[in-house]
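Trainee: Below: one structure in structure tokens.
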Amino acid sequence: MAVKHELEDVEGVGPATAEKLREAGITSVEALAVTPTRTLTEIAELTEEKASVITQNARALLNIRFTTAKDVLSKRANIGFVTTGTKAIDNLLGRGIETQAITELIGEYGSGKTQICHELCVTVQLPVEQGGLGARALFIDTEGTFRPERIMNIAKNFGLDPDTILGNIIYARAYNSDHQMLLADEAANLVVPNNVRLLVVDSVITHLRSEYPGREALAPRQQKLNKHLHQLLRMSDIYNMAVVVTNQIQSTPDTFFGNPNKPAGGNILAHGTTYRIWLRKSKESRRIARIIDSPMHPESECLFAITTDGIIDVEETK
Ligand code: GTP
Ligand code: MG
């Protein structure tokens, strides 16, 4: 693992700037590297030029710069996979949820988005041989639907100690979209010391949709969403971790042809996430997962079921 750097190790960051950064919650070089320049000018009272130099120096220190295609390939060789607990969805994605990527779970209410997020918080803790990353999870909950009891049931199903599993999930409730983004920034400081390899944001869009209603607010809303997704994507990249976000379905009554229901968040979310899985309800506890817009996978779908033990392959439900 890489050497741990202090803020003062970044060229151009003196003790006074370091203190201002820490006061603003930017306590690591990793967090500094992913903070937009404009934010730095505000919190550390720096000129735009100085802030830009510091960001670049922070990135250089962490080795974030141009590389060759060969390096990209070897970096991709480090991609890790987290099992969804079902062979069907793992196969749909290749080998499960990938690190260095954002996976988006889209679906109407009750379609299983939050349940899959719960499942992943457990499975990421499994050893690599069993489909996990032997690591911790970080859960940003915007809807107040995280349930430790569900985690305990899922953990028991894997024969794991529920207490240990719960202790390895770092949780935060986000009360508005600014808070949500602040928590994502703060998360950057927690990843390395806590060996976090999964970051969940459930849901990525709820606060933004309610805070910026109507067409007039669309531009600022999308700008903010874009910033948030970039923040998450950089984190997935720098820390080689899996980021999973959930998204809702929005109906567009003015559609004449095709499906009037589409994922919320428009093009920003469509382009900002790496893998998109659309979940639909089927009979009773059954659900359908469909992979859409993937750079590497054909569009296809599979069945799974939600049970008290977590999400499972349908062959197991009788
Ligand atoms: P929204 O957040 O409302 O948009 O929906 P969601 O897609 O996050 O839905 P969620 O993942 O919360 O799925 C809810 C469904 O999971 C419910 O309809 C239940 O059928 C099922 N479910 C939740 N908890 C349990 C449980 O303990 N046992 C069983 N058998 N099913 C459960
Ligand atoms: Mg939910």
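The values are calculated or read from the model by the stated rules, or taken from the named source; none is laboratory data. All values reported here derive from a predicted model rather than from experimental measurement. Quick reminder, even Gly has a Cβ in these numbers, built from the backbone with ideal geometry, and neighbours come from all protein chains shown. Accessible surface is based on the protein model in full, side chains and every heavy atom, while ligands, DNA and RNA are left aside. Shrake-Rupley method; radii C 1.70, N 1.55, O 1.52, S 1.80 Å.
Trainee: How far is helix 148-157 tilted off the main Cα axis of the chain, in degrees rounded to 10, range 0 to 90?
Mentor: It is inclined by approximately 60 degrees.
Trainee: Then there is this: Val243: net charge of surrounding residues, Cβ under 11 Å, Lys/Arg +1, Asp/Glu -1, itself excluded?
Mentor: Once all neighbours under 11 Å are counted, the net charge is -1.
Trainee: Now for a separate question. Work out, step by step, the length gained on full extension between Leu182 and Ala77: first 0.36 nm times the residue separation, then minus their alpha carbon distance; give nm to one decimal.
Mentor: My answer for the length gained is 34.7 nm.
Trainee: Compute the FRET efficiency between Ala219 and Glu11 as 1/(1 + (r/R0)^6), taking r as their Cβ-Cβ distance and R0 = 41 Å, and round to the nearest 0.05.
Mentor: Taking R0 as 41 Å, the efficiency between Ala219 and Glu11 is 0.65.
Trainee: Given a Förster distance of 41 Å, report the FRET efficiency between Val128 and Arg22 from their Cβ-Cβ distance, rounded to the nearest 0.05.
Mentor: The pair Val128/Arg22 has a calculated efficiency of 0.75.
Trainee: Compute the angle between helix 113-123 and the longest alpha-carbon principal axis of the chain, please, reported from 0 to 90 degrees and rounded to the nearest 10.
Mentor: So the helix axis and the longest Cα principal axis differ by about 70 degrees.
Trainee: Can you tell me the 0 to 90 degree angle between the C-alpha axis of helix 218-238 and the longest principal axis of the chain, rounded to 10?
Mentor: 80 degrees
Trainee: For Cα pairs less than 8 Å apart in space and 6+ apart in sequence, what is the mean separation divided by the residue count of region 111-191, i.e. the relative contact order in percent?
Mentor: 28 percent
Trainee: To continue, here is another question. Rg (Å, one decimal) plus Dmax (Å, integer) for the alpha carbons of region 6-155?
Mentor: Answer for region 6-155, Rg first and Dmax second: 19.7, 53 Å.
Trainee: Using only the alpha carbons of region 176-260, what is the convex hull's orientation-averaged projected area in square nanometres?
Mentor: Taking the Cα atoms of region 176-260, their convex hull projects to 6.5 nm² on average.
Trainee: What is the Cα radius of gyration of region 184-318 over 2.2 N^0.38 Å, N being its residue count?
Mentor: This ratio for region 184-318 stands at 1.20.
Trainee: For the chain, with only Lys/Arg (+1) and Asp/Glu (-1) charged at the beta-carbon, what is the dipole magnitude about the Cα centre, in debye rounded to 20?
Mentor: The calculated dipole for the chain is roughly 760 debye.
Trainee: Quick check for you: with a 1.4 Å probe and neighbouring chains kept, what is the accessible area per residue of region 7-61, in Å²?
Mentor: 49 Å²
Trainee: What does the charge count near Gly110 come to, summing +1 for each Lys or Arg and -1 for each Asp or Glu among other residues with Cβ under 11 Å from its Cβ?
Mentor: Net local charge, Gly110 excluded: +3.
Trainee: I would also like to ask the following. For the chain, which whole percent of the accessible surface, found with a 1.4 angstrom probe, sits on carbon and sulfur atoms?
Mentor: The nonpolar share, carbon plus sulfur, comes to 53 percent.
Trainee: Given Cα positions, please report Rg to Rh for region 75-317, the hydrodynamic radius being the Kirkwood one.
Mentor: With Rh from the inverse mean 1/r over Cα pairs, Rg/Rh is 0.94.
Trainee: Here's another thing I want to ask about it. Please report, in whole Å, how far the alpha carbons of region 7-61 spread along each principal axis, starting with the longest.
Mentor: For region 7-61, the Cα spread along each principal axis is 22, 20, 17 Å.
Trainee: Counting only other residues whose beta carbon sits under 13 Å from that of Ala69, what net charge do I get with K and R as +1, D and E as -1?
Mentor: That works out to +2.
Trainee: Mark the label point 7 Å from the Cα of Glu284 along Cα→Cβ and return the residues of region 85-127 whose backbone N is within less than 18 Å of it.
Mentor: Answer for this model: 111-112.
Trainee: Loop by DSSP (not H, G, I, E, B), at most 13 other beta-carbon atoms within 10 Å: where is the longest site-free stretch of the chain for chymotrypsin sites (Phe, Trp or Tyr not before Pro)?
Mentor: Answer - 176-255.
Trainee: If each residue of separation counts as 0.36 nm, what is the full-extension length gain between Thr164 and Gln250 once their alpha-carbon separation is subtracted?
Mentor: Answer, rounded to one decimal: 27.2 nm.
Trainee: Please name which of Ser177, Leu269, Pro193 has its Cα lying farthest along the dipole of region 75-317 towards the positive end, using unit charges on Cβ (Lys, Arg +1; Asp, Glu -1) and the Cα centre as origin.
Mentor: The one lying farthest along the dipole's positive direction is Leu269.
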